[in-house]
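Participant: My questions all concern the structure below.
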Amino acid sequence: MPDFSDRSPSVAEFRALRVAAGLSDFSDQAAKTGLAATLYGVWLRDGDRLVGMGRIVGDGGCFALVTDVAVHPEHQGRGLGRRIVARLMEWAEAELPKSCILSLIADPPADKLYQQFGFDYRVGMGRTLE
């Protein structure tokens, strides 16, 4: 069973896990910049291999975003995503101001996971800069 790790992923590990889990890829520079802006990260490793992750990014006061929740397909279906989100929420509830707006973007069926942690639907918009 994978264990939580304090060792942040390399850019290559981060990108590879995103792609393996079906998330979009980013350039090395975008991933490097994004990882550096992590307020709190959860990393699951099976030995040295990154197999799960989740991050909270934002300004740490008014706004924060849960992002990059991913579990490698070989490890899905074991409750690891739920364990990752639980750790993220524990940190957010302890460290972020109570007035902070914590948001995320999720596709079905992942939205059901986040509803277990108190997230609900709101009107939102987004745009990819391409």
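The values are calculated or read from the model by the stated rules, or taken from the named source; none is laboratory data. Nothing here was measured: the structure is a model prediction, and the numbers come from that model. Cβ atoms come from the backbone with ideal geometry, glycine included; neighbour counts cover every protein chain shown. With ligands, DNA and RNA removed, areas are computed over all heavy atoms of the protein, side chains included. Shrake-Rupley method; radii C 1.70, N 1.55, O 1.52, S 1.80 Å.
Participant: Across segment 100-130, what is the total count of residues that are exposed (fewer than 10 other Cβ atoms within 10 Å of the Cβ) and closer than 16 Å to LEU39 by Cβ?
Facilitator: Looking only at that region, the number is 0.
Participant: Please report, ordered by residue number, the strands (runs of 3 or more DSSP E) entirely within segment 1-81 with at least 3 residues that are open to solvent by less than 30 Å² (accessible area, probe 1.4 Å), out of contact with any strand residue (DSSP E or B) (no Cβ under 6 Å at 6 or more places or on another chain) and aromatic (Phe, Trp, Tyr).
Facilitator: The strands (runs of 3 or more DSSP E) meeting that bar number zero.
Participant: Assuming PHE63 fulfils every condition listed in (1) over 15 Å from the mean Cα position of the chain (by Cα); (2) over 30 Å from LEU129 (Cα atoms) apart from one, which condition is it?
Facilitator: Every listed condition holds for PHE63 apart from (2).
Participant: Under the condition of being at pLDDT below 95 and in a helix (DSSP H, G or I), which residue from segment 82-113 is nearest to LEU17 (Cα to Cα)?
Facilitator: ALA110
Participant: Which residues, counting only those in segment 82-99, are within 14 Å of the chain's Cα centre (by Cα) and open to solvent by 40 Å² or more (accessible area, probe 1.4 Å)?
Facilitator: Correct list: ARG82, ARG83, ARG87, GLU90, TRP91.
Participant: Output the number of residues of segment 92-130 satisfying the condition of being over 17 Å from ILE56 (Cβ atoms) and either hydrophobic (A, V, I, L, M, F, W, C) or touching a residue at least 40 places away in the same chain (Cβ under 8 Å) (or both).
Facilitator: 3
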